[in-house]
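The values are calculated or read from the model by the stated rules, or taken from the named source; none is laboratory data. Computed from a predicted structure; not experimentally measured. All Cβ positions, even for glycine, are placed from backbone atoms using ideal geometry, and neighbour counts span all protein chains on display.
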Amino acid sequence: MFFLYLLRMNAENAKAYRSMKSEGDPPCPVLGDAATKLGIRPRDLAPDADGNAIPGIGGVSVFSSIAGIARRFKLGFPPDMVPERLHHTGKVVGATGPTSLRVFRLGNGKYEAGQIASCLKLIPDGDDNLDHGTIQPEGVMIFDDYRQATVNTQSHWLDGENDE
């Protein structure tokens, strides 16, 4: 049975950033199951044997801030995953990605563990990796419902490139 998840967005939802292909005006993320699209790849959170998405074992990769993305370059984050224009502004020195990419922001609160959208939570990786985290299901849920809850956030990702 498919559940319709209504997105609850307010100033208290956690905040995260993600570089994705964009389309439209105003820009919004392109949907799909790829590293540069809004979606979930099986390698990021594979369904269990019963077809469920289980929290705590992966999710949609996100970052703490634009500066957090820049710090991840030292740990091997590919520079072609961030638009080169951010290199030219000095925000992400070394970025070489195409202009079709844009850094988006979801939420307005702090980058901390907590609800980021309806049925979804932000889980930072922890002390060993302060700038990276994942958007995971709030609880055990059917994988296709987790995928749909992620897709339902599309219109709530805002252009984050002018954020500090």
From the option list VAL140, VAL151, single residue qualifying as among the aliphatic types (A, V, I, L, M), under 23 Å from LYS21 (Cα atoms) and at pLDDT 95 or above is VAL151
Only one of (1) in a helix (DSSP H, G or I); (2) of a type outside the set (S, T, N, Q); (3) in contact with a strand residue (DSSP E or B) (Cβ under 8 Å, 6 or more places away or on another chain) fails for LEU130. Which number is that? (1)
When the stretch 55-72 is checked residue by residue, the ones that are buried (at least 22 other Cβ atoms within 10 Å of the Cβ) and on the phi > 0 side of the Ramachandran plot are GLY59
In the stretch 76-89, what residues are in contact with a strand residue (DSSP E or B) (Cβ under 6 Å, 6 or more places away or on another chain), touching a residue at least 40 places away in the same chain (Cβ under 8 Å) and either among the charged types (D, E, K, R) or part of a helix (DSSP H, G or I) (or both)? MET81
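Is it the case that some residue within the stretch 46-54 is of a type in the set (D, E, K, R), exposed (fewer than 14 other Cβ atoms within 10 Å of the Cβ) and farther than 16 Å from TYR17 by Cα? Spell out how you get there, then give the answer.
As a first pass, look at the stretch 46-54 and keep what is of a type in the set (D, E, K, R): 48, 50.
Within this subset, residues satisfying the condition of being exposed (fewer than 14 other Cβ atoms within 10 Å of the Cβ) are 48, 50.
Right, trim to farther than 16 Å from TYR17 by Cα and you get 48, 50.
Yes.
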Residues in the stretch 56-75: is at least one touching a residue at least 40 places away in the same chain (Cβ under 8 Å), charged (D, E, K, R) and assigned to a helix (DSSP H, G or I)? yes
Please enumerate the residues belonging to the stretch 98-127 that are within 14 Å of the chain's Cα centre (by Cα), surrounded by fewer than 23 Cβ atoms within 10 Å (Cβ to Cβ) and not in a strand (DSSP E or B). ASN108, TYR111, GLU112, ALA113, ASP125
